[in-house]
Amino acid sequence: MSCDFPLLVITFRAGEKPEFPADAKSIDYARQLDAQDKLKSFRDDFIIPTKASLKKRALNNSIPGENKLPNGECVNGVSQHEGNPSTDDDTQSIYFVGNSLGAQPKCIRTHLDAQLETWASIGVNGHFTSLQNSPLMAWQDMAADCAQQSLDLVGAASPSEVIYMNTLTVNLHLMMASFYRPTEKRHKIIAEWKPFPSDSYAIASQLQWHGLSPSTSLIEVHPDHPETPSSLSISTEHILSVIDEHADSTALLLLPGIQYYTGQLFDMARITAHARARGIPAVGWDLAHAAGNVELRLHDWGVDFAVWCTYKYLNAGPGAIAGVFVHERHHHHHHHHHANTNTNPESGGTAVDDTLGYRHRLAGWYGADKTVRFNMAKEFLPAAGAHGWQVSNPSAADLACVRAALGVFGRTSMRELRDKAVVLTGYLEWLLNGLVEDGVGTSMGRTEGEEGEPAFRIITPANPLERGSQLSLLLREGLLEKVSGKLAEGGVVCDARKPDVIRVAPVPLYCGFEDVWGFVEVFKRALEGA
Ligand SMILES: *Cc1c(COP(=O)(O)O)cnc(C)c1O
């Protein structure tokens, strides 16, 4: 990490926090940081909901922040706002919920239009033909094109390590079908204590599918201090010790790159290396909250597989087609059936099925090599690499959105985004800590005598190397509903998790320092009960 913001009096080195001077509490300081931000023009590539558009109750063919209709006609004044309860506030909202659904890149519309025109114009031939001037490849090649655009994003050594298909949980199932091969001796899955519910359901149902039970085969890594709700971090040392304890009986280690609730970023390099050194045959990562948020080097870290969705930090739209990484070491297949191919799970190596000549998977026609896909052969011959795990013909409209969204990342780098994010989230943390120091909201909802306890605590790790863009704020009991109501009124879009947590993510692509400043102002007023 470096520091591109000369205003920061004390620059910081890797693992250190950026520090801010006392006058950083002013809006002028926030604006000066924005002025120094090399990435600030990216905001113009996104549509940020406005306070007015958030109240929209009926389609009116208008795009927030544009006084133009999508077809280029000018909006004819007031009538465009008909049906809107509010027409007075066209300022952009403070959109801090990119960890849940990223804002819409403007190029999504042009890519979707290109897809619709292609389909309308050349019909079925769009599978194999790309029209001139189109930002899209032929439908057949779009998933591979998206893989090509993802090398920096996930740290893949080649496009064959990445594929876009299905959705996250479905991909988790498909990857577990291939990589979780329990034996009598080696049957455990090591996971964290509080996975995103979908991951919990996937893990439990996979165990049950194999006739196993979570009570004997699921090892949950708990926080170091599970009894302290304001400190739910899990130290790397603790994770490594659980790996050591269960190394001989574990078939799969499956963890999130970033824990969705606390925002903790795990040391994927060290944990993966340790698990592999201890002979655990498969290490998988759920990168739902890490992809597009932090730097990833999946190939170099030796990760066996990873899955991620594309609608959070990647901005491809709700439910858009998801990403998968399969490490190169699992790509080899033997077209001749060797008697002694490596099926030994103890090796932690490339478990290739004897009878198949490649790692077993739940197959479908799109996993077949492109050159033979339309031969309609009865025998399945998988395409090389991650592409061989595809099952179905993917939605071209969906891939158009992913391609558009990845194109935005292609104009910067994860390093640059991360450099900004460390300062942006650091500024948010610094301002929030200022509220705690000033005792803001200590008396809210309290009778006299109970005062003193801060109105909120940040439960995300303070070390920038242990978090991405998100900070999770644990509110004092009973404040959530009132505070989140006030935040919404103040034009903040963020995520409330019952009973007491607010998650805020200033995403560096389209959020700035003034947004951070504005959020803290609204939050402060909310806590003061104003
Ligand atoms: C967002 C998220 C999901 C969502 O899964 P879908 O299959 O895309 O609906 C799953 N797991 C985690 C950890 C998530 O953060």
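One residue stands out among those in the stretch 172-201 that are of a type in the set (A, V, I, L, M, F, W, C) and in contact with a His (Cβ under 7 Å, 6 or more places away or on another chain): the one that is nearest to the ligand (Cβ to nearest atom), which is 193.
Scanning the stretch 374-430 for residues that are among the acidic types (Asp, Glu) and either assigned to a loop (DSSP other than H, G, I, E, B) or not assigned by TED's automatic domain parsing to the domain that holds residue 329 (or both) gives 379, 416, 419, 429. Applying the set (1) out of contact with any Asp or Glu (no Cβ under 6 Å at 6 or more places or on another chain); (2) under 21 Å from residue 506 (Cβ atoms) to residue 387 leaves exactly one unmet item: (2). Output the residues belonging to the stretch 275-292 that are farther than 20 Å from residue 311 by Cβ and either among the hydroxyl-bearing types (Ser, Thr, Tyr) or within 16 Å of the ligand (Cβ to nearest atom) (or both). Residue satisfying the conditions is 284 alone.
Here is a yes/no grid of residues against (1) out of contact with any strand residue (DSSP E or B) (no Cβ under 9 Å at 6 or more places or on another chain); (2) closer than 20 Å to residue 503 by Cα:
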site: 286; (1), (2): no, yes
site: 300; (1), (2): yes, no
site: 305; (1), (2): no, no
site: 309; (1), (2): no, yes
site: 324; (1), (2): no, no
site: 329; (1), (2): yes, no
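Got at least one residue in the stretch 421-434 being touching a Gly at 6+ places or on another chain (Cβ under 8 Å) and surrounded by fewer than 20 Cβ atoms within 10 Å (Cβ to Cβ)? So far as the stretch 421-434 goes, no, none of its residues is touching a Gly at 6+ places or on another chain (Cβ under 8 Å) and surrounded by fewer than 20 Cβ atoms within 10 Å (Cβ to Cβ). Residue 317 fulfils the conditions (1) at pLDDT 95 or above; (2) surrounded by fewer than 23 Cβ atoms within 10 Å (Cβ to Cβ); (3) more than 16 Å from the ligand (Cβ to nearest atom) except for a single criterion, (3). If you go through the stretch 9-40 and keep only what is part of a loop (DSSP other than H, G, I, E, B) and at pLDDT 60 or above, you end up with 16, 17, 18, 19, 20, 21, 26, 36, 37, 38, 39. Scanning the stretch 187-201 for residues that are buried (at least 19 other Cβ atoms within 10 Å of the Cβ) and modelled with pLDDT of 95 or more gives 187, 188, 189, 190, 191, 192, 199. Has the stretch 124-137 got any residue that is modelled with pLDDT of 95 or more, farther than 30 Å from residue 513 by Cβ and either touching a His at 6+ places or on another chain (Cβ under 6 Å) or assigned by TED's automatic domain parsing to the domain that holds residue 473 (or both)? Scanning the stretch 124-137 turns up at least one residue that is modelled with pLDDT of 95 or more, farther than 30 Å from residue 513 by Cβ and either touching a His at 6+ places or on another chain (Cβ under 6 Å) or assigned by TED's automatic domain parsing to the domain that holds residue 473 (or both).
When the stretch 202-226 is limited to residues that are more than 16 Å from the ligand (Cβ to nearest atom) and of a type in the set (A, V, I, L, M, F, W, C), the one that is surrounded by the fewest Cβ atoms within 10 Å (Cβ to Cβ) turns out to be 209.
So residue 156 passes all but one of these: (1) outside any loop (DSSP other than H, G, I, E, B); (2) more than 15 Å from the ligand (Cβ to nearest atom). Which condition number does it fail? The number of the failed condition is (1). Scanning the stretch 431-444 for residues that are among the polar types (S, T, N, Q) and not in a helix (DSSP H, G or I) gives 442, 443.
Any residue that is surrounded by fewer than 14 Cβ atoms within 10 Å (Cβ to Cβ) and assigned to a helix (DSSP H, G or I) - is there at least one of those in the stretch 175-186?
From the stretch 175-186, those surrounded by fewer than 14 Cβ atoms within 10 Å (Cβ to Cβ) are 183-185; that's our starting set.
Then keep just the ones that are assigned to a helix (DSSP H, G or I); that gives none.
No, the stretch 175-186 contains no residue that is surrounded by fewer than 14 Cβ atoms within 10 Å (Cβ to Cβ) and assigned to a helix (DSSP H, G or I).
Pairs meeting the criteria (first residue in the stretch 187-202 and touching a residue at least 12 places away in the same chain (Cβ under 8 Å) and more than 16 Å from residue 213 (Cβ to Cβ), second residue among the aromatic types (Phe, Trp, Tyr) and within 8 Å of the ligand (Cβ to nearest atom), beta carbons under 6 Å, at least 6 apart or on different chains) are 196/260. Among the residues of the stretch 115-142 satisfying the criterion of being among the aromatic types (Phe, Trp, Tyr) and part of a helix (DSSP H, G or I), which is surrounded by the most Cβ atoms within 10 Å (Cβ to Cβ)? So, considering only residues that are among the aromatic types (Phe, Trp, Tyr) and part of a helix (DSSP H, G or I), the one surrounded by the most Cβ atoms within 10 Å (Cβ to Cβ) is 139. Scanning the stretch 293-309 for residues that are of a type in the set (Val, Ile, Thr) and more than 9 Å from the ligand (Cβ to nearest atom) yields 294, 303.
Residues in the stretch 484-525 that are assigned to a helix (DSSP H, G or I) and either hydroxyl-bearing (Ser, Thr, Tyr) or not assigned by TED's automatic domain parsing to the domain that holds residue 43 (or both): how many?
Initial filter on the stretch 484-525 (assigned to a helix (DSSP H, G or I)): 484-489, 513-525.
In the following step, the residues that additionally are either hydroxyl-bearing (Ser, Thr, Tyr) or not assigned by TED's automatic domain parsing to the domain that holds residue 43 (or both) were identified as 484.
Selection size over the stretch 484-525: 1.
Selection of the stretch 161-171 for residues being assigned to a strand (DSSP E or B), among the aliphatic types (A, V, I, L, M) and within 15 Å of the ligand (Cβ to nearest atom) yields only 165. Only residues that are within 16 Å of the ligand (Cβ to nearest atom) and under 30 Å from residue 453 (Cβ atoms) were counted in the stretch 227-255, giving 2.
Note on the stretch 263-289: residues that are of a type in the set (A, V, I, L, M, F, W, C), under 15 Å from residue 195 (Cβ atoms) and buried (at least 24 other Cβ atoms within 10 Å of the Cβ) amount to 3. Taking only the stretch 458-483 into account, find how many residues are in contact with a helix residue (DSSP H, G or I) (Cβ under 8 Å, 6 or more places away or on another chain), crowded, with 18+ Cβ neighbours inside 10 Å and outside any loop (DSSP other than H, G, I, E, B). Summing the residues that are in contact with a helix residue (DSSP H, G or I) (Cβ under 8 Å, 6 or more places away or on another chain), crowded, with 18+ Cβ neighbours inside 10 Å and outside any loop (DSSP other than H, G, I, E, B) in the stretch 458-483 gives 7.
The values are calculated or read from the model by the stated rules, or taken from the named source; none is laboratory data. These figures come from a predicted structure and were not determined experimentally. When we count neighbours, we look across all protein chains shown, and the Cβ atoms used for this are built from the backbone with ideal geometry, even at glycine.
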